[in-house]
1. Only one of (1) at pLDDT 60 or above; (2) open to solvent by 90 Å² or more (accessible area, probe 1.4 Å); (3) within 23 Å of Thr19 (Cα to Cα) fails for Asn116. Which number is that?
2. For residues that are hydroxyl-bearing (Ser, Thr, Tyr) and open to solvent by 30 Å² or more (accessible area, probe 1.4 Å), scanning just segment 45-81, find the one that is nearest to Leu33 (Cα to Cα).
3. Could you check how many residues of segment 1-14 are part of a loop (DSSP other than H, G, I, E, B) and either modelled with pLDDT of 95 or more or among the small types (Gly, Ala, Ser) (or both)?
4. Which of (1) among the β-branched types (Val, Ile, Thr); (2) touching a Lys or Arg at 6+ places or on another chain (Cβ under 9 Å); (3) in a strand (DSSP E or B) is the odd one out, the single condition Val37 does not satisfy?
5. Looking only at segment 41-72, how many residues end up being modelled with pLDDT under 95 and either in a loop (DSSP other than H, G, I, E, B) or out of contact with any Asp or Glu (no Cβ under 7 Å at 6 or more places or on another chain) (or both)?
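The values are calculated or read from the model by the stated rules, or taken from the named source; none is laboratory data. What you see is a predicted model, and the numbers here were worked out from it, not measured in a lab. Cβ placement follows ideal geometry from the backbone for every residue including glycine, while neighbour counts extend to all protein chains displayed. Ligands, DNA and RNA are stripped out before the accessible areas are found, and what is left, the full protein with its side chains, is counted by its heavy atoms. Shrake-Rupley method; radii C 1.70, N 1.55, O 1.52, S 1.80 Å.
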Amino acid sequence: MAGSIDAIVGIPTMNNEDTIEQTIMQLQRQTQLPDKVIIVDNSSDSTPEIIQKVSEEVDFNIDLLDQPNFGRGVGAARTKIYNDFNGDILICLDTNHSVDQNWVETHIEFHRSHPNYGILSNSHITKFNSQVDNPLRSEFFGQSNCSIKKSALDNIDGWDPNFHRGEDWDMRIR
């Protein structure tokens, strides 16, 4: 994966009016901006209106999509993101997590430097810095702030939309 890498950030959200603006604005402060942000929303509060307002203040495109009427919860939201994702890597972000200013750049550089790896996970654990090939180890796949190549997602058909929670465990097994 030499040269330019299209990095798309995917954010599932539901009733996060208290955190969604902060989540988006931390992406605006990145040393390297994402190429696009895809947000799948299932809110009954003012989250969508906040996203629309903030989208006018940032230097990247935000696609705001409604939660699909198939599947359940986060699994369905991540499936919708996967189905609309057309970049090289998908960087997953949850609205209750904060990231360093070089977060996007770190993920892009990892995939550029390690073209044989499909996933960078647990990047927030600074004491852990090694390859994990055993899916039985807890470090094998942590969806929190991970990035996944499009080709790796395609190999397992993305997320299972029927997982309300635990979609990362299912993905780890597959």
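1. If we test Asn116 against (1) at pLDDT 60 or above; (2) open to solvent by 90 Å² or more (accessible area, probe 1.4 Å); (3) within 23 Å of Thr19 (Cα to Cα), just (3) comes out false.
2. From segment 45-81, those hydroxyl-bearing (Ser, Thr, Tyr) are 46-47, 55, 79; that's our starting set.
From what's left, open to solvent by 30 Å² or more (accessible area, probe 1.4 Å): 46, 55.
On the way: Ser46: 25, Ser55: 14 Å.
For segment 45-81, the residue satisfying everything is Ser55.
3. Start the filter on segment 1-14 by keeping residues that are part of a loop (DSSP other than H, G, I, E, B), which leaves 1-6, 14.
Restricting the remaining residues to those that are either modelled with pLDDT of 95 or more or among the small types (Gly, Ala, Ser) (or both) gives 2-4.
Summing the residues that are part of a loop (DSSP other than H, G, I, E, B) and either modelled with pLDDT of 95 or more or among the small types (Gly, Ala, Ser) (or both) in segment 1-14 gives 3.
4. Unmet for Val37, out of (1) among the β-branched types (Val, Ile, Thr); (2) touching a Lys or Arg at 6+ places or on another chain (Cβ under 9 Å); (3) in a strand (DSSP E or B): (2).
5. 9
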